[in-house]
1. Rg and Dmax of the range 584-657, Cα atoms, in Å?
2. If amide hydrogens are placed 1.01 Å from N in the peptide plane, which non-local residues have theirs closer than 5 Å to the one on D642?
3. Per residue, how much accessible area does the chain show when a 1.4 Å probe rolls over the protein heavy atoms, in square angstrom?
4. Where in the range 513-550 does the label zone of D740 land, with the point 7 angstrom along Cα→C-beta and an amide N cut-off under 18 Å?
5. The range 632-741: percent of C-alpha pairs farther apart than 16 Å?
6. Using 1/(1 + (r/R0)^6) with R0 = 30 angstrom and r between the beta carbons of D381 and A690, what's the FRET efficiency to the nearest 0.05?
7. Rounded to the nearest 0.05, what FRET efficiency do R280 and D392 have when you use their Cβ-Cβ distance and R0 = 35 Å?
8. Using a 1.4 angstrom probe with every protein chain in place, what is the largest-first accessible-area order of Y681, Y26?
Amino acid sequence: MREAFLQSVVRGLSDTPRWLSCRYLYDERGSTLFEAITEVPEYYPTRVEDALLARHAARIRALAGDTTLVELGSGSSTKTRRLLAAWTAAAARARYVAIDISETMLARSCAALAAEFPTLTVERLAGTYEQTLPRLAAFSPLTLLFLGSSLGNFDRRETIEFLDRVRAALAPGDHFLIGLDLVKDPRILEAAYDDAAGVTAAFTRNLFARMNRELGTRLDLDAIEHVAIWNERRERIEIFARFPRGADVELPAVGRRFRIGRGEMILIEVSRKFRLDELRATAQRHALAVTETFVDAAMPFALVLLRRRADARRPSPRLHAERLLTAVRAQTLELTAPLDDAALTRQQSPLMSPIVWDLGHIANFEEQWIRRAHAPHSRRDDAARQRDALYDAVAHPRSRRGRLALLSPDACRRYLDAVRAETLAVLRAAELPDDDPLLAGGFVHAMLAQHEAQHSETILQTVQLIDDLVYEPARRREPRAALVPAPAGTFVMGTDDRQLAYDNERPAHEAWVDRFQIDLHPVTNGQYLRFVEDGGYRRPELWDDAGRRWLADSGAEHPAGWLRGRDGWEERHFGRRLPLILDQPVVHVCWFEASAYARWAGKRLPSEAEWEKAAAWDLERGTARAYPWGDAPPTAEHANLDQWTFAPAAVGAYPEGASFFGCHQMLGDVWEWTADDFAPYPGFEVFPYAEYSAIHFGKGYKVLRGGSWATHALVARPTFRNWDLPERRQIFAGFRCAADG
């Protein structure tokens, strides 16, 4: 928790305007102070909500039925006793599960409840909402409690994320009882959060006292003022810490220092107030229907009992699969449309297949897997077996594929069309049983879409190598160098997802990493140029034995594609010579080059575990994010993906895509080399075929993470593992560095 607190403070004080997370108000001292706040005369929400619960607990029990009570942010469970009395009165035995981030508070309150209610089974879960909500299925049927208008502590984006999590945690028929403070006279609201006795002010100052105790800051608490203001436009109370004179916030653990200006205010907490019609509409969007509402009219406050309804019918797996396959195919055809037959059929490099082989392989891979999934006992005729042999990636290394009797471009397009027509015909008529691992949820069809998306990036790598082609794609759109720290500890690496994830991404498992630091952004052309000009390619001490052999064999003196121009460095880019853009990530460097640069910079390459922790782990929530920025799928504001830009973007171009630790561009722009060999995770199981992952383990491949500008968003996720040999430079690969401690 201390490390999460530290990272949160760094993030908040680095932002403009500055903020601090309200999560950290509730240490043991803060929890005690909050209980005291609920008793001051100005703070009405606790008393009003308690009165509503006392009046309506029996009615709520009758509506919710014989369910387990589960409370988020249970604290001392004082008001909850009204409901517990109704639950224990209605049945011989009742069950209550308390959830709170404070283990101390949980132990104390649960012991008191067990003594007070002999027929009540009391259980407790310590953790954040994000950690505990996924565990609620074990308690269904249940009634989830979220009292005290705690929903008001979230901004609108956080509210949507929270309700999405609640929706996922509850089964249809489960209930959700929520307490909501309603919009009222601002004078009443401001007084409630700035009481005459100064308890709310002490609550705010305790956050800074905690920073002094746990993070080593030396702030003068008496010089910090508590300010509570009603924001009419946002309909919320905003609580600030105001510094009437300037102050320095020093964080020795990370070597950071922040200067707080005289009169500056730091946002500590918000408390949004609600309107019932807006709440009903929001709840409906999250599959929560209002069962009954209980309102105190004198001091507007509401208890709203919601019932989780069945989700609206989603697109069938068949329709979803068809959309995926169609979208990816459109991109493949779009990328190859500008290429003539010579460009499609010529082998540009022994490192790459002729593009026409990639296209035929896409069709054959789909043909084989649709048969295996939908007609596993059907027989292949001679022509089909010949196609299978021709496009066997293991039997035919890339360097020899140009000598094969490949289909012409037109014949290949007809093959793609014929296979896709058969796929769609089978898909529209097929059942997708949940007990078939290939068909459940449309797994095999998503796998086919990902496979084709990966080959579209491979095709672009080949196009980049064509010297005599000026490539005009069908579509085109026109910070600071620093290490950020990450604490030692265990995190969950990998995934158990079986809809999109490949076998090498599974299973999810706990991984330990020592404290480390990692670059804020990928190494740029400008940074790498300093390495080149410092003689990095001529200094043997920067290269390991294999790297020195590669240097001697390749004669490399700079990244692939760099050229010395009359007016400075240039870069060959799809048939053009363009000025080298210094703030873009360096690209087309191999693993040996990345490692040598890291040694030159006094750093190293990150391990896979370090990279994934920096990209996906959220210390505050104690869970992995689906993407570096959160759980929302990628958009043009988050990452440079999907072959829109045809080049990496300048570092810092996607601030909305930063990870919890503040790392930029961990998805998109360039694949990033890691230090590790490609190897299975503990508990790895081959699925659905060994040739994708298993045969590559232990063969000297190095792992790349993150995806490039040419990577389809379908493939871009923090758990995805790409791999290639350490000498390969044709891929859109760069790197970022790491360091110990």
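1. Rg, Dmax (Cα atoms, Å): 14.7, 38.
2. T711, H712, A713
3. 41
4. Inside the label zone: 513-519.
5. 62
6. Efficiency, rounded to the nearest 0.05: 0.75.
7. 0.05
8. Solvent-accessible surface, decreasing: Y26, Y681.
The values are calculated or read from the model by the stated rules, or taken from the named source; none is laboratory data. Note that this is a predicted model, so its numbers are computed, not measured. When we count neighbours, we look across all protein chains shown, and the Cβ atoms used for this are built from the backbone with ideal geometry, even at glycine. SASA here: full protein model, heavy atoms, side chains in, ligands and nucleic acids out. Shrake-Rupley method; radii C 1.70, N 1.55, O 1.52, S 1.80 Å.
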